[in-house]
Every structure is written in structure tokens, then in C-alpha cells.
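Q: Before anything else, here's the structure in question.
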Amino acid sequence: MIGVLGAGQLGRMLALAGYPLGLRFRFLDAAHDAPVKDLAEFIRADFHDKGALDRFADGLEVVTYEFENVPVDTVERLTRRVPVYPPPAALRASQDRLEEKTFFRNLGIPTAPFVAVHSRQELDAALAKIGYPAILKTRRMGYDGKGQAPIRNADEAERAWEALGESAAQATGLALILEGFVAFEREVSQLAVRGRDGRMVFYPLVENHHAEGMLRLSLASAPDASPTLARLARDYAARVLDTLNYVGVLAIEFFQWGEELIANEMAPRVHNSGHWTIEGAVTSQFENHLRAILGLPLGIADARCACAMLNIIGDFPDTQKVLSCPGAHLHLYGKKARPGRKLGHITVCAETMEMVRVTVEQLRRSTSTLGPNFG
Ligand code: AMP
């Protein structure tokens, strides 16, 4: 039995990938309408509930997580009873943007310039050092573009402070980071997997398009990525994996500028920009994550075809229309529609990226909720 902390769509897709291997799953999450609740054992409890954690751990072979804001204390408590992968150090580094960027920098992986900010005065000093434009972010609990404010001038600095300074003070003891704005050409991500024996496999580089801070569209393999760029991304990912003695899937998001990669953040888990691998890769990220944490041989991570992945956000598309598009596969997560909520995704597979683009355009024309924010 595999234990998973968090019970959202990533957990659901992990379970769906595990059933052909004869695996069984137990999830723990505080959410009411968890996407896994109809397909696996589910303990509904807070991550701090010690009694529930003990019940959760009973009889488990291994524990993993599908959500990077699981408290590190919770994971450390579980490691006393059962192996937990990826290691808690990866979780800790990814939960705090300052620690994460410092970690990248120490490994020689480029990042945007950054300075820690604890007060209004420190924000002015940081702006004097970094210059405009910049982005003020909360160090913790930021995701999907939440907890950040762009600063292009002194007025915006005041507004960013009003928006983030107060709430950060209450929630996280005033932990903020100011980052220089990277004038990137595009955003790409590298997914990599490391097994218990230290062997690694790397998925092809993926091109990502965000709107309002959320991923809308991924293209795999990233069009026109040179072999040099692909090697660089793998080299950076390998440094992170080896340093952390990592086990499982890791995603690193980069800004690309020419042949340079600037690391923005990492996720110690399966990742939205890897959903295309279910149909589009020889072994999906979900299966490879399970293979890694169980000490099984890793599967080949090459792409089988050209792919796009479109997130379904806020409203459902017409199933008839989606499935009438050639090479389109629909995944729904069993959630109720709500503005801004990730409800599912569509993967489009074809022989060439040109053919993929034609189908993506067809999907966008047929379903207003899939556009027009990306691409
Ligand atoms: P994050 O929450 O750090 O992933 O940021 C969400 C999105 O904001 C990223 O995918 C980028 O599009 C944009 N962004 C974040 N940080 C920067 C930066 N330092 N320079 C330029 N754009 C950024």
C-alpha cells in the first residue's frame, strides 16, 4: 500500500497509473471533495492531526506527496515509521522562495537577482539594488501566481507593499523576496526522475504558456530547443537531484533567454507541465514516480509523438467537441466547476507539432474556456 499526502488531481493520476502495476493507495488530505475519494482509501484529516497520521502510516510500504505545501514536520514524523520520498530536504527547499533560489545559486544554477525583504525600508533598499522592473513575492505559500506583485515604479512599490507586506506579516512573519524581472523569451520546464539507486531519466524540455499566473498550455517537446539547451536543462536538474539524494519526479521551471536558462522554481512532485506524458511519453511521469519511490527500474522518458496539453480552467468544455478533434484525449478530475479552478486537461498527440497546433486551434475555436489566454 502506498500512502500519498494530498488528494488532488495529481494524486488521482498517480493512483490511475499505479493500478496496472497492481498497487493500492491510501490518501490523506483535509479537503471535502477530494478528486481521489471515489477511487482509493481516503483519510480526511488535517496534516497536523497526529492520530490521523498514525492511522495513515499503518501498514504502508512507502509515502509520497502530491502537494509541496505539506508541512515538513508532518513528513518528518512519518519518516520515523515509513520511508518517505522525495526526501524532506527537497520539500523544505521548495517551500521557501529564498531558500530555493539560494539553493540554486549554490549549485551554480542561474536565477533572477533576489533580495530578502522584511520591512518597507528593506523594500526600498532592495529596489535600489535590483532596480525596476521587479517582482515582490511572499516567500511561502505562493502558487499559481498568488502572493506576488509587479513593481515598475515607486507608486507600484507602495501598492505592492500594501498588498503583500501586511498579509505576509500576519501569515509568515513578514517573509518576502524581491526578484529582478527576467525579460525571458519563453518559459520551459524540465521534468526528471531519480530512482532509489541514483539512476536518472529526463523528459524532453517542455514549453509552457501561463496566463494570470496559471499554466494554460504546454508544448512537448519544446519547439526549436537546441541540443545545447536540452543538455543544460538536464545538467541543472541532475545537480539538484544528486545534491538532494532525490527519489521521484522533480520539475524545474526555467525562463529561457537565448541559450541561457534561469531557474524560477522547482516542485518536488509530479507536475502539471508533465501531464502530456500520460499519452505522449513512453512512460508517464506518474508511473515513473511510482517506479522510483518503490525502487523499481525507471521507464524510458522519451516522447512518442508531438504533444500539447491544455488545462481546463473554470468551466467544462463540450466532451463531444473535444473528442471529435483528432488525437485529443480528455481528462476530468471529478471536481465541481468554479472560476479559476483546474478541472481537467486535454492532451493532443500528433505526428508533428504543426498538426498539434492545428488541433489546438480547433479546440480553442470550439471551446471558449480553453482560450483566448494562451499561445
Ligand atoms: P511563480 O509563482 O514564481 O511561478 O510565478 C508565476 C509566473 O510569473 C511565472 O510563470 C512567470 O510568468 C512570472 N514571473 C515570476 N517571476 C518572474 C520574474 N522574476 N521575472 C519575470 N517573470 C516572472
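The values are calculated or read from the model by the stated rules, or taken from the named source; none is laboratory data. The structure displayed is predicted, hence computed values, not measured ones. Counting neighbours? That spans all protein chains shown, and the Cβs are built from the backbone with ideal geometry, glycine included. Accessible surface is based on the protein model in full, side chains and every heavy atom, while ligands, DNA and RNA are left aside. Shrake-Rupley method; radii C 1.70, N 1.55, O 1.52, S 1.80 Å.
Q: Take Thr79 and Arg159, extend 7 Å from each Cα along the Cα→Cβ direction, and tell me the distance between the two endpoints in nm.
A: 4.3
Q: Here is a follow-up. Which of Phe255, Leu241, His271 sits closest to the plus end of the dipole of segment 186-370, meaning its Cα is farthest towards the positive end, when Lys and Arg get +1 and Asp and Glu get -1 on the C-beta?
A: Farthest towards the positive end: His271.
Q: What net charge do the residues around Arg105 carry, taking every other residue with its C-beta under 13 Å from that of Arg105, with Lys and Arg at +1 and Asp and Glu at -1?
A: Local charge sum for Arg105: 0.
Q: In addition: Can you work out ³J(HN,Hα) from phi for every residue in segment 10-19, in order, using Karplus 6.51 cos²θ - 1.76 cosθ + 1.60 and θ = phi - 60°, giving whole Hz and x for Gly and Pro?
A: After applying 6.51 cos²θ - 1.76 cosθ + 1.60, I find 5, x, 4, 6, 4, 4, 4, 6, x, 4 Hz.
Q: So what is the calculated 222 nm ellipticity per residue for the chain, using -39500 (n - 2.57) for each DSSP H run with n of 4 or more, over all residues, to the nearest 500 deg cm²/dmol?
A: -9000 deg cm²/dmol
Q: In addition: Ranked highest first by the average count of other Cβ atoms within 10 Å around their residues, in what order do 302-312, 238-248, 281-291 fall?
A: Packing order, densest peptide first, comes out as 281-291, 302-312, 238-248.
Q: Figure the gain on full extension for Ala211 and Ala116 (residue separation times 0.36 nm, minus the Cα-Cα span) and round it to one decimal in nm.
A: Full extension of this stretch gives 31.6 nm more.
Q: Any idea of the accessible area per residue across the chain, 1.4 Å probe, to the nearest Å²?
A: So the chain comes to 42 Å² accessible per residue, rounded to a whole number.
Q: Can you give me the long-range amide H partners of Ile313? Hydrogens built in the peptide plane at 1.01 Å from N, cutoff under 5 Å, separation of 5 or more residues or another chain.
A: Correct list: Leu343.
Q: Once R0 is set to 22 Å, what does the formula 1/(1 + (r/R0)^6) return for the Cβ-Cβ distance between Asp54 and Asn245, expressed as a FRET efficiency to the nearest 0.05?
A: 0.25
Q: While we're on this one: Across 5 Å bins from the origin, how do the percents of Cα pairs in segment 186-370 run, short distances first?
A: Histogram of Cα-Cα distances, whole percents per bin: 1, 8, 17, 20, 19, 16, 11, 5, 2, 0.
Q: Met355 to Glu185: extension gain in nm, 0.36 nm per residue of separation minus the Cα-Cα distance?
A: Taking 0.36 nm per residue and subtracting the Cα distance, the gain is 58.9 nm.
Q: What distance in nm separates the simple spin-label points at Lys336 and Leu23, each placed 7 Å from Cα in the Cβ direction?
A: 3.1
Q: Over the chain, what percent of the accessible surface lies on carbon and sulfur atoms, probe 1.4 Å?
A: 51
Q: A follow-up question, please. Which percent of the Cα-Cα distances in segment 264-375 go past 25 Å?
A: Within segment 264-375, distances greater than 25 Å cover 26 percent of Cα pairs.
Q: Tell me, what is the Rg over Rh of the chain, with Rh the Kirkwood radius over Cα pairs?
A: Expressed as Rg/Rh, it is 0.95.
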